[in-house]
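Working notes, beginning with the structure itself.
The values are calculated or read from the model by the stated rules, or taken from the named source; none is laboratory data. Owing to the predicted nature of the structure, the values given are computational and were not obtained by experimental measurement. No Cβ is skipped: glycine too gets one built from the backbone with ideal geometry, and neighbour counts run over all protein chains shown. What goes into the accessible areas is simple: the full protein's heavy atoms, side chains included, and nothing from ligands, DNA or RNA. Shrake-Rupley method; radii C 1.70, N 1.55, O 1.52, S 1.80 Å.
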Amino acid sequence: MLSAWLVLMAGCYVDRSGADGFADGTPRTGCVDGCQNGGVCVGAECLCAPVDFEGPTCGEWIDDCENVDCGNGECVDLVRDWVCGCDESYATDESGRCTVEIKDCLTPNACINGECDDSSGNVVCTCEPGYAGTNCAEPVNCGKPPEAPSNAVEFALSGTEFGETATYVCRPGLQGEAAIVSCQADGEWGDVDITCVNVPGCGPAPQLQYGHVLTPAGTDVGDLAYYSCDPGFFLLSFLGNAIQCLDTEEWEPFYGSCYLIGTCDQDPCENGACSEFPGAVTVVECNCAPGWSGPRCATEI
């Protein structure tokens, strides 16, 4: 019961809004200093993966090229990975370094992600969308997503390479449809176009990962929002399952999280480490390895 009580004390809902807080200055998450650069607040700690940052608040950039010597080319820093962009007439070997001299289209890795043409006497690569470089080895990477407009916050980031997305939602007290922008083939993000309008009272209640929230009486001052978990999850909450819309037109913080029901000896975490919290109902939390997400770390990202 003691470990379960500690979980109750530390619980917080998942939130990508960083240090944004309530009107009285109370942080919106249990991560007091906020999670930067797309990191997620989980149990009062910032989970940085899969973004290319680390540290207590995901504020320290990871230089994946720090110890990489590409030889005849330059290292391109990706998200928790690297690739060598080769000089003209060179391609990558099995280690990914630029040591192979390109002589014709039969040269290994002459055009890794593209079509090769050597009819002119020179090798010319036409890269597939999302790839660049002399031999089309470099995934297009858009880097850090655009800053959120003043009326919105960045909510989710699937990655920063071609085709991956960043999602933006309206700030508390505003409502509107989420905006999803994609990393485009030219290495640029799309524009963040989101319309958010004022709503009476507190507006939509904060969402709960692996759960849902109901506001049966509405979202005016004094109304309550009730939380519950999806099937297979159990709600651990410090102050019950409801929060109230305050007269400041902000929702109270919700100190609770939905945890996966089960035990670690059942191997619930496919690609991550399992933490078990016994109590009236035994629950587990999966800390996913880089490149995996979801309650069981089963979704590749």
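General observations
- In the stretch 58-161, taking the dipole from charged Cβ atoms about the Cα centre, the farthest positive-side position among V79, Y90, G130 is held by G130.
- In a simple Cβ point-charge model (Lys, Arg +1; Asp, Glu -1; nothing else charged), the stretch 92-138 has a dipole of about 100 debye relative to its Cα centre.
- Surface composition of the stretch 151-301: carbon plus sulfur atoms contribute 50% of the solvent-accessible area (1.4 Å probe, protein chains only, all chains present).
- Positive-end extreme of charge dipole, the chain - chosen from W189, C264, P216 (charges on Cβ): P216
- Computed [θ] at 222 nm, helices only, for the chain once each DSSP H run of length n ≥ 4 contributes -39500 (n - 2.57): -1000 deg cm²/dmol
- Overall, the chain carries a charge dipole of about 1180 debye about its Cα centre when +1 sits on the Cβ of Lys and Arg and -1 on the Cβ of Asp and Glu, all other atoms neutral.
- Alpha-carbon centroid distance for the pair the stretch 87-141 / the stretch 208-271, whole angstrom: 51
- The dipole here belongs to the stretch 214-301: it is taken about the Cα centre, uses +1 on the Cβ of Lys and Arg and -1 on the Cβ of Asp and Glu, and is about 260 debye.
- Normalised per residue, the accessible area of the chain is 52 Å², obtained with a 1.4 Å probe and no contribution from ligands, DNA or RNA.
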